[in-house]
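Accompanying notes for the structure given below.
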Amino acid sequence: MIKKVGILTCGGDCPGLNAVIRGAVKVALYNDVEVYGFLEGYKGLLEDRKIKLEQPNIDGIIFRGGTILKSNNGTNTFAVPEINDKGERIFVDYSEEIAKRLKEQGFDCLIVIGGDGSLKSARDYMLRGVNVVGVPKTIDNDVPYTDVTFGFNTAVEVATEAVDRLHTTGDSHGRIMVLEVMGRYAGWVALSAGLAGGADTILIPEIPYDINKVVEKIAYRRAHNKNHSVIVVAEGAKPKEGTISIREIEGDKAENKGLDSVKLGGAGAFVSSEVERITGFEARVTNLGYLQRGGSPCPYDRILSTEFGAMAMQLCVEEKFGRMVTLLNGKLQSISLNEVAGSDTTIGAKSSNLKLVDLGGDLIQTARKVGICLGD
Ligand code: F6P
């Protein structure tokens, strides 16, 4: 019988994190399992900062955005930068020390709620002998082996509302309205919100675009008395002959071992200025940014998060460790974390096992059928 479980929320926050925590704690309370929440993700795990989670902690949090445990995407416990006696920058692997401490403190399992990178680290803790269970989180929907991650549907809802609003103002002024949405190297948010909002053009990282095709679509619409166009651009979209748009690289990329220090941004502004330059029509860009991540989860995400949280704790209770909860082919189940994290078993290495938009899949096919320009 397990007695004590740790839980942490890692990486960028995402609507539904609190609902996952709530679901997990409820199952723990019914099974007499103590739960401790490590604060600020892996940072709190490293520094051993944690709080005991009991009923009052989870009261009324199902609809709250953010995470009561706080999060952090700047700590890789497998490579913590430090300055040695000689003044040189070195990287220290604290994972064994942490694994030992968890054992000494009597933790039977750690529930890691995170995206691809955090889940890879979770698997690496498993290789260090820690029992772990993963929960796939991200608005980007790019975690493999799950139909969907929690938070994604809320982000799509927010982005769809933005598309709707851009249609009406764009129509009034006969302008080209460009909306940049999140998603990193995957186009799920852009494609889904673009389809839901009836965008004219959707540009995603999986299909490097030809700006002339975008311009052709605008010209076609104008020829049919539609002076405005709405273009949804994923932050990771790039032109055929160009590169991805980077806002900044935090620190030195090589110096941030195992962390994703590349901050994307500017893809929408680039499309907007190119379209204006080529067509001479007025274009405006909106970057939806963190509005997609903040705030209350939609009902779908509240339910999915509750299911994920409850199942994660149930797996702990049943001592089924090394698994990630998932909604696969429409069914709530679990899958080996090894499969999710990919074949690179180098402890601390960055995950590269992303779920990208399937170019032969239904969403892309439907977008093409209804005449949406995908930039190719
Ligand atoms: O992974 C979620 C996400 O919101 C991405 O879509 C975005 O690129 C990134 O996080 C930005 O995160 P931050 O600015 O917090 O590092």
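Here are a few things to note about the model shown:
- Scope the range 103-128; condition over 27 Å from the mean Cα position of the chain (by Cα) and either outside the structural domain of K52 (by TED's automatic domain parsing) or not charged (D, E, K, R) (or both); matching residues: Q105, G106, F107
- The condition (being without any contact (Cβ under 8 Å) to a residue 40 or more places away in the chain, part of a strand (DSSP E or B) and closer than 30 Å to R128 by Cα) is satisfied by just one residue among L332, L327: L332.
- Within the range 248-276, restricting attention to residues that are under 30 Å from A79 (Cβ atoms), modelled with pLDDT of 70 or more and aliphatic (A, V, I, L, M), the residue that is nearest to the ligand (Cβ to nearest atom) is L264.
- Selection count where residues are in contact with a Lys or Arg (Cβ under 7 Å, 6 or more places away or on another chain), at pLDDT 95 or above, more than 12 Å from the ligand (Cβ to nearest atom) and part of a loop (DSSP other than H, G, I, E, B), scope the range 140-164: 0
- Test: residue in the range 38-49 that is of a type outside the set (A, V, I, L, M), away from the ligand (no atom under 16 Å from the Cβ), over 19 Å from L259 (Cβ atoms) and surrounded by fewer than 24 Cβ atoms within 10 Å (Cβ to Cβ): yes
Table: residues versus (1) in the same structural domain as V143 (by TED's automatic domain parsing); (2) under 20 Å from the mean Cα position of the chain (by Cα); (3) touching a residue at least 40 places away in the same chain (Cβ under 8 Å); (4) surrounded by fewer than 24 Cβ atoms within 10 Å (Cβ to Cβ).
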residue	(1), (2), (3), (4)
H173	no, no, yes, yes
L179	no, yes, yes, no
A199	no, no, yes, no
E216	no, no, yes, yes
K238	no, yes, no, yes
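- Qualifying residues in the range 120-139 (those that are of a type outside the set (G, A, S) and touching a Cys at 6+ places or on another chain (Cβ under 9 Å)) - the one farthest from the ligand (Cβ to nearest atom): N131
The values are calculated or read from the model by the stated rules, or taken from the named source; none is laboratory data. Predicted, not measured: the structure shown is a model, and the values here were computed from it. Cβ: placed from backbone, ideal geometry, glycine included. Neighbour counts: every protein chain shown.
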